[in-house]
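One structure below.
The values are calculated or read from the model by the stated rules, or taken from the named source; none is laboratory data. Since we're looking at a predicted model, the values are computed, not measured. Every residue, glycine as well, gets a Cβ built from its backbone with ideal geometry; the counts of neighbours run over all protein chains shown. Heads up: the accessible areas ignore ligands, DNA and RNA and are worked out on the full protein's heavy atoms, side chains in. Shrake-Rupley method; radii C 1.70, N 1.55, O 1.52, S 1.80 Å.
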Amino acid sequence: MKSKFILFMAVTGLGAASDQKPVWRDAATHEQLDAQLTEFRQHDPMSRLEAVTGQDPTKINQPVDLLEQSDIISFGGFTTLVPKQAILTVPDDYKAMLEMKPGNQIVGWAEFYARNRGWITTVEVTRVQAEGNEALAKEKREAIEKSSNLVVAVYKGGPISVLPLKVDPASVVTQNEEEQ
């Protein structure tokens, strides 16, 4: 037992004389803490905020039903939800697939698309295009019109709503058309 204690003292350096003195820190006094609190209260950014007038935003922005905000695509015993206005074209052959089928399993977009990529075409759009601030490239618009598949707009692989163009499409020149 004695040898273990000596070994512990040697390893930790507790038995050896050390030139380093332990560093002690002073604890803040009540007066120092009070001075800091007083300074904080004088420069508190929350005190400079103005009171909001009007209706309570929590009452205006009530959550809505997920199904009301989504379009449904069903096929082969599976169903997925995509945002409204994410489906760009629906050929007549696929209109029946935009209904909820009883007993279908609800899956995420990635899984549903992986199972059904034969009849679903995705078109990658930018955020600016989805907001309606920029038109789709002419080639994309023509490909969408000619497609015999269900066409869904995606942003970074996930379905996204595409709002109507905010300006006249004839006056808008897309980046791809400028390059030509």
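Residue separation of Arg127 and Val23 scaled by 0.36 nm, minus their Cα-Cα distance, works out to 31.8 nm of gained length.
Please name whichever of Gly54, Thr38, Thr79 sits farthest to the positive end of the charge dipole of the range 21-158, dipole taken about the Cα centre and charges placed at Cβ: Lys and Arg +1, Asp and Glu -1. Positive-end residue among those listed: Thr79. Based on protein heavy atoms only, the range 36-147 ends up with 71 Å² per residue of surface accessible to a 1.4 Å probe.
Surface composition of the range 72-167: carbon and sulfur make up 55 percent of the accessible area, probe 1.4 Å.
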